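Reading through the structure tokens given below for one structure.
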Amino acid sequence: MNKITNIEEQKRNKDRVNIYVDNDYAFSLSKEVLLKEKIKVNDIIDMEKMKKISKEDNFMKCKNSALRIIERTIKTEKEIREKLISKEYDEESINRSIDFLKEYNFLNDENYARMYVRDKSKGQGKNKIKYSLIRKGLDEETILEELSKIDDEEEENIAYEMALKKYNIIKKRESDDYKLSQKLYRFLISKGYGYDVASKV
């Protein structure tokens, strides 16, 4: 059995404390875990309790890291998971952090798809949006459901305006009508518009 002889706030990080066992530095913890576990000076702790505390602390660090990531910009579950893996958090801490974000609606792939489609449809076709969302880890059913909400006429109008701008640029250096139309066609396909929309435009 080991005795906690001192608990000292870290100088560089006020949210964490250093724990001293038998007058020697043993490990650091977040204040959140310290309060949750009701750890105090003169407590006798065994190795099993220390392991449990360490596991809880790893989760807290992982959760806070996940919150910082999502504060900067909205992410999908896959993106958050990959970032936490790259920071070398353990799988259990990552899964618990993901569950926490979902529980408080910080992480919602359906909402992400809705906002992404609404934003990107102003300058991209359905195909490009779809493959971007697949890469971000969203399931195809969710993606297709959101893409189906794009008004076909509005999509064509946006594609037309984009093609018109492109046409005014390339006609200055291309006089051949066939080559001009092919360049516009390729341009629209590269922006993710389907062959039917590109042909129509």
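The values are calculated or read from the model by the stated rules, or taken from the named source; none is laboratory data. Computed from a predicted structure; not experimentally measured. No Cβ is skipped: glycine too gets one built from the backbone with ideal geometry, and neighbour counts run over all protein chains shown. Accessible surface areas use protein heavy atoms only, side chains included; no ligands, DNA or RNA. Shrake-Rupley method; radii C 1.70, N 1.55, O 1.52, S 1.80 Å.
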Exercise for the section: State yes or no: is GLU110 among the acidic types (Asp, Glu), open to solvent by 70 Å² or more (accessible area, probe 1.4 Å), closer than 30 Å to LYS149 by Cβ and within 16 Å of the chain's Cα centre (by Cα)? Expected result: yes
Fill in the blank from the handout: Checked region 168-198 for anything open to solvent by 40 Å² or more (accessible area, probe 1.4 Å) and more than 24 Å from LYS126 (Cα to Cα); matches are ASN168, ILE169, LYS171, LYS172, ARG173, SER175, ASP176, ASP177, TYR178, LYS179
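Can you tell me which residue within region 57-72, out of those that are under 29 Å from ILE19 (Cα atoms) and open to solvent by 60 Å² or more (accessible area, probe 1.4 Å), is nearest to the chain's Cα centre (by Cα)?
ARG68
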Problem - Pairs with Cβ under 6 Å, 6+ apart, first in region 125-149 and at positive phi, second at pLDDT 95 or above and in a helix (DSSP H, G or I) - result: GLY137/LYS78
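Residues are listed down the side, and each one gets a yes or a no for (1) buried (at least 20 other Cβ atoms within 10 Å of the Cβ); (2) more than 30 Å from VAL17 (Cβ to Cβ); (3) modelled with pLDDT under 95:
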site: ASP43; (1), (2), (3): no, no, yes
site: ASP46; (1), (2), (3): no, no, yes
site: LYS55; (1), (2), (3): no, no, yes
site: ILE74; (1), (2), (3): no, yes, yes
site: GLU82; (1), (2), (3): no, yes, no
site: ASP90; (1), (2), (3): no, no, yes
site: ASN105; (1), (2), (3): no, yes, yes
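Only one residue in ILE134, ILE143 is aliphatic (A, V, I, L, M) and either open to solvent by 60 Å² or more (accessible area, probe 1.4 Å) or at pLDDT below 95 (or both). Which one?
On the way: ILE143 fails: either open to solvent by 60 Å² or more (accessible area, probe 1.4 Å) or at pLDDT below 95 (or both).
Matching residue, one of ILE134, ILE143: ILE134.
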